[in-house]
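Every number here is computed from the coordinates shown, using simple stated rules; none is lab data. Keep in mind that what you see is a predicted model, and the values were worked out from it rather than measured. Glycine also receives a Cβ, built like all others from the backbone with ideal geometry; neighbour counts cover every protein chain displayed.
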Amino acid sequence: SCSVLEAVLEADWRTGKTMKTQYVQQERIGDQKCYVNDITKAKERYPEWDVTIKLDQIFDELVCGWMERRENS
């Protein structure tokens with residue numbers, strides 16, 4: 001897992017470009033203050049399932065897809 005800020009910094013690093021971002025102190029309607037993902041119950045119910053894709057691979061796939069779409073447009 002990673003925060004939104006960590007994801008933006010990772011995307012910046014991988015693409016060599018800086019995302020345009022703006023921090024707004026005010027909470028948006030419906031935003032969660034904190035999110036914790038506990039996959040214990042899922043693993044108990046589906047013991048053969050496990051996390052198979054690491055965060056680095058997810059970022060690689062996202063950036064690769066973005067670059068392909070950019071080249072083809």
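Under 7 Å between Cβ atoms, at least 6 apart or on separate chains: pull out the pairs that start in region 49-73 with a residue that is more than 17 Å from T15 (Cβ to Cβ) and end on any residue that is surrounded by 11 or more Cβ atoms within 10 Å (Cβ to Cβ).
W49/A42; W49/K43
Determine which member of the set D12, D38 is among the acidic types (D, E), out of contact with any strand residue (DSSP E or B) (no Cβ under 9 Å at 6 or more places or on another chain), free of Cβ contacts under 8 Å to residues at least 40 places away in the same chain and exposed (fewer than 10 other Cβ atoms within 10 Å of the Cβ).
On the way: D12 fails: exposed (fewer than 10 other Cβ atoms within 10 Å of the Cβ).
Answer to the check: D38.
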